[in-house]
Amino acid sequence: QKEVEQDPGPLSVPEGAIVSLNCTYSNSAFQYFMWYRQYSRKGPELLMYTYSSGNKEDGRFTAQVDKSSKYISLFIRDSQPSDSATYLCAMWGYSSASKIIFGSGTRLSIRP
Amino acid sequence: EAGVTQFPSHSVIEKGQTVTLRCDPISGHDNLYWYRRVMGKEIKFLLHFVKESKQDESGMPNNRFLAERTGGTYSTLKVQPAELEDSGVYFCASSQKIKGVFVTEAFFGQGTRLTVV
């Protein structure tokens, strides 16, 4: 069983829609939960990270962590065509030593 | 400020040949990581340098892979001899140590796409 599960998509929504991206995980030792955005032929770019449970908002992006359910989400409000990319969830805990554990990524397409 | 730079961006080599990938981290970043993504799989950790020392190399797949970081600046990852299953995208990342949790602020390079034929 993978430590982090993420639906690969693809997910296609119209411009302006609210997008919900999700990951589940099995390792209760994870403490930091990250979302990366990756455009085609580029490296992952950190969008935001959250420590432990709760919500964090940054502009049109909101990250949620529910440690009791081992479930994390990224919401994108007022989605734009420029948001079209692959979104990767990633996690880390002290038990992981140096390793960030990545989900497989969800490919998102925003239709104009 | 320049980001993490990797080259080449793409390399095609024959099975059995040697390839060396290079990573230039962000200036002043002591932590340097190598990750790779093989086709259809998630990005996976290979190893972590703190300055010139290997902090964690538990993700290196076998002894055909050799990573070095001379003088704690740039790093190279050599694959010798390359096998078909080594094909994938190799990412380098770097970070400072912030509040004792360095991995959460890792900046990634654009990756080197390695194709072994």
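The values are calculated or read from the model by the stated rules, or taken from the named source; none is laboratory data. From a predicted model like this one, the values you see are computed outputs, not experimental measurements. Counting neighbours? That spans all protein chains shown, and the Cβs are built from the backbone with ideal geometry, glycine included. Accessible surface is based on the protein model in full, side chains and every heavy atom, while ligands, DNA and RNA are left aside. Shrake-Rupley method; radii C 1.70, N 1.55, O 1.52, S 1.80 Å.
Once both labels are modelled 7 Å past Cα along the beta-carbon direction, what's the residue B:70-residue B:54 spacing in nm?
1.8 nm
Sequence-distant or interchain residues sharing an amide H contact under 5 Å with residue A:60, placed H: which?
Answer set, sorted by chain and number: none.
Which order do you get for B:97, A:56 if you rank them by accessible area with a 1.4 Å probe, largest at the top?
Sorted descending by solvent-accessible area, the residues read B:97, A:56.
Taking 45 Å as R0, compute the FRET efficiency from the Cβ-Cβ separation of residue B:9 and residue A:68 and round it to 0.05.
Values: r = 43 Å, r/R0 = 0.96.
The computed FRET efficiency comes out at 0.55.
Can you give the accessible area of residue A:51, probe radius 1.4 Å, in Å² rounded to 10?
The value for residue A:51 is about 130 Å².
Short version: ³J(HN,Hα) in whole Hz for each residue of the range B:76-84, in order, from phi by Karplus 6.51 cos²θ - 1.76 cosθ + 1.60 (θ = phi - 60°), x for Gly and Pro, what are they?
10, 10, 9, 10, 8, x, 6, 10, 4
Per residue Cα convex hull volume for the range B:5-104, in cubic angstrom? Can you show the working numbers first?
Details: hull volume 9.8 nm³, N = 100.
Hull volume normalised by residue count: 98 Å³.
Would you please give the residues with an amide H less than 5 Å from that of residue B:5, counting only those at least 5 places away or on a separate chain, with H modeled from the backbone geometry?
When sequence neighbours closer than 5 places are left aside, the close amide H contacts are B:24.
Per residue, how big is the convex hull of chain A when only Cα atoms are used? Give it in Å³.
Values: hull volume 10.8 nm³, N = 112.
Given the Cα convex hull of chain A, per-residue volume reads 96 Å³.
Would you calculate the volume per residue, in Å³, of the smallest convex hull containing every Cα atom of the protein assembly as shown?
So the per-residue Cα hull volume is 128 Å³.
Jot down the radius of gyration and Dmax of the range A:52-112, Cα atoms only, both in angstrom.
Computed over the Cα atoms of the range A:52-112, radius of gyration and Dmax are 13.5, 43 Å.
Pop out the carbon and sulfur fraction of the accessible area of the range A:4-111 as a percent, whole number, probe 1.4 Å.
48 percent
Pairs A:2/B:51; A:99/B:41; A:99/B:97; B:41/B:97; A:56/B:41: which are spaced more than 21 Å apart, C-alpha to C-alpha?
The pairs that break the limit, which is 21 Å between Cα atoms, are A:2/B:51; B:41/B:97; A:56/B:41.
What FRET efficiency do you get for residue A:58 and residue A:95 if R0 is 22 Å and r is their Cβ-Cβ distance, rounded to the nearest 0.05?
Taking R0 as 22 Å, the efficiency between residue A:58 and residue A:95 is 0.20.
Pop a pseudo-label 7 angstrom from the Cα along the beta-carbon direction at both residue B:84 and residue A:45 and give the gap in nm to one decimal.
3.7 nm
Averaged over peptide A:88-100, how many Cβ atoms belonging to another chain are found within 10 Å of each residue's Cβ?
Per residue, the number of nearby Cβ atoms from other chains is 5 on average.
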